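The values are calculated or read from the model by the stated rules, or taken from the named source; none is laboratory data. Computed from a predicted model, the values in this text were never measured in an experiment. So basically every Cβ, Gly included, is an ideal-geometry build from the backbone, and we count neighbours across all protein chains shown.
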């Protein structure tokens, strides 16, 4: 079987475990479950809430609908890209022998048997499918958020209490943050799929590419200029 062939190699097992643990720990870290340092994602969540509160005071909400349209278009783009990449993976399965010949020319490559290579391709398909479902759900949540934005009464509208307005704003903000959360999860899967490509060269290269991807993402979330820009003057 494909999986049996793959797990006969201890280095492959170690590399895959490192990949999955690194991905999981980073995902939890961005949500504030491991480290206390504020991330770019959490800082942007506060801005999403501020956006919804500001939106409630606008009579004309073309700006807000335009922003939501942009968010949905970006999400749809990545979802479509995932489908294309999944199709490319299945095409790769049909060209296994040719790809193995090319990889065999690389000095750092561990020669893989055909079943092992196919198992790795199916693993990449699984990562891309995960990303697609995350983007698909995010797209739908952004659609729901658009509806909730439309349901938020204007702050000075007669017959509406502050409590009703606050509750409507909270619903829209929470839906917006959930959509962003799933979008970020899909984007992380795309980034980690790039690190996954190192496995086709060998387990040690897989560990190196995963480490590189982790380093890039950690810097962006915890130490980037974008994070400083969002937090500047935020106290």
*What number of residues in region 203-235 are outside any helix (DSSP H, G or I) and buried (at least 21 other Cβ atoms within 10 Å of the Cβ)?*
0
*Checking residue 142 against (1) part of a loop (DSSP other than H, G, I, E, B); (2) crowded, with 18+ Cβ neighbours inside 10 Å, the condition it does not meet*: (1)
*Where residues in region 20-44 are within 19 Å of residue 180 (Cβ to Cβ) and not in a helix (DSSP H, G or I), which of them is nearest to the chain's Cα centre (by Cα)?*
31
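For every residue, the table says whether it meets (1) within 18 Å of the chain's Cα centre (by Cα); (2) closer than 30 Å to residue 200 by Cα; (3) part of a helix (DSSP H, G or I); (4) modelled with pLDDT of 75 or more.
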residue: 93; (1), (2), (3), (4): no, yes, yes, yes
residue: 117; (1), (2), (3), (4): no, yes, yes, yes
residue: 122; (1), (2), (3), (4): no, yes, yes, yes
residue: 130; (1), (2), (3), (4): yes, yes, yes, yes
residue: 135; (1), (2), (3), (4): yes, yes, yes, yes
residue: 149; (1), (2), (3), (4): no, no, yes, yes
residue: 163; (1), (2), (3), (4): no, no, yes, yes
*asked:* Could you check region 64-87 and list, in sequence order, the residues that are modelled with pLDDT under 90 and surrounded by fewer than 18 Cβ atoms within 10 Å (Cβ to Cβ)?
replied: 65
